[in-house]
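Scroll down for the structure; my scribbles are underneath it.
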Amino acid sequence: MRDRSRSDRNKRRCRSPAASAGKWADLLDPLLLSVLDRLPSLRDRFAVASVCRTWRAVSRPSLSSATGSCPPLLFRLFVGPFHRRSRRCHQISPRRSDLLCPAAPFAPSRSVVSSGTLNLFLLGCSYGHLIFCKGRRAILADIFTGDELRSPDLPSDGWRFHYGALTGSLSSPGSNLLLSANGNLLRWRIGDSKWEECSFTPLDVHMERVVAFKDHVFALDSAERLRVLQFSPYFSIKQMAVEWAGRSIYSGMNIGFTQQLVECGGELMLVQVIPAEQIMHLKFEVYRLDLSGQPTWVKVDGLGDWALFIEESGRCPASCPCPGRWGGRSNCIYYAGHGRGRWHVFSLDDTSIDTTDPESPLYFDNQCVSKWPSPLWVYPSMLY
């Protein structure tokens, strides 16, 4: 009897998680990389890299190239029921959040960002970090690890910020956190002890998009002007005179959608919504910035083997090549917005989107007042 019980204990030890983990830890590096390259979901790759330090070191080169082979993840909040036909304004406070992957849309995973942080007012999302403001400090929260970084005190009280963005990853030299208020832009170089301030005109305008592109930092303001930010030898903002190869149309359309800047295939793209030929119908248009001569927005007829990922407020649009690798669609826009849970896919060949259909993602009555403008497309911070 004793021998039998001892044998049973030995079998249980062999089947224990610790014993299994030891076997996985001995997996050869080439074999581990081979497994990673076959995972279509960025979420799964990140989970593998999070197992231990050894796997993270081996996985880092694969993760660094994942932005070119895997789609971004959709960071979505659970905010309770929302009645889309109600005319009342809803102040929504999120309770928890999860991550959805277009390659595996029905297998969400929980995010570890604390509920207390989620209930702060969101200013933006850059390089895998949510950007909040609390009192006289900005807070950067890593979406995938929950780690938080707090800035030095702001120069003064009473700032009413509209937008926040990073110009690079936290680990990159010279990365800056930018906070935009009417007529002012504040800059904190990561690691410094104080903020810098730069004013611009007109005073009722604020920055709405910031994109680092080819050694420059471009910004799109609320008046749809393109500007260039400079940090050396001093902090300055210059307006860029850009012509249109076509007609510029205000893109707000009372649906909450504004023009969006995104890098795609080595080009700086602008996405906007314009009226279609039918009444109460809209359509997407994409332009690229041509810098070969006089800066000009040139209309793009198609994206080729690329897909764009945008959300209603344009806080952090993204792009991905060869979406067919993970079951996605090329020459399409993956659009996420309020009250629709996941996303809708629109081909640039589509002629119009019906805004009177309650199931349409651009349905004009889908808006609500929230600390969170819409779900966010994100890549993990460790990819940068």
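None of the figures in this text is laboratory data; all of them are computed from the coordinates on show. Since we're looking at a predicted model, the values are computed, not measured. Note: ideal-geometry Cβ built from the backbone for every residue, glycine included; neighbour counts use all protein chains shown.
Structural remarks
- Virtual spin-label span in nm between Glu285 and Ser114, 7 Å along Cα→Cβ: 4.7 nm
- Rel. contact order, % - alpha carbon contacts under 8 angstrom, at least six apart, region 139-186: 26 percent
- Sum of side-chain charges, Val298 neighbourhood, beta-carbon under 9 Å (Lys, Arg +1; Asp, Glu -1): +1
- Links that overshoot a 23 Å alpha carbon limit, given the list Lys134/Lys214; Lys214/Lys238; Lys194/Lys214: Lys134/Lys214; Lys194/Lys214
- Volume per residue for region 277-335 equals 136 cubic angstrom (convex hull of Cα atoms).
- Added length on full extension, which subtracts the Cα-Cα distance from 0.36 nm per residue, Arg342 to His216: 42.1 nm
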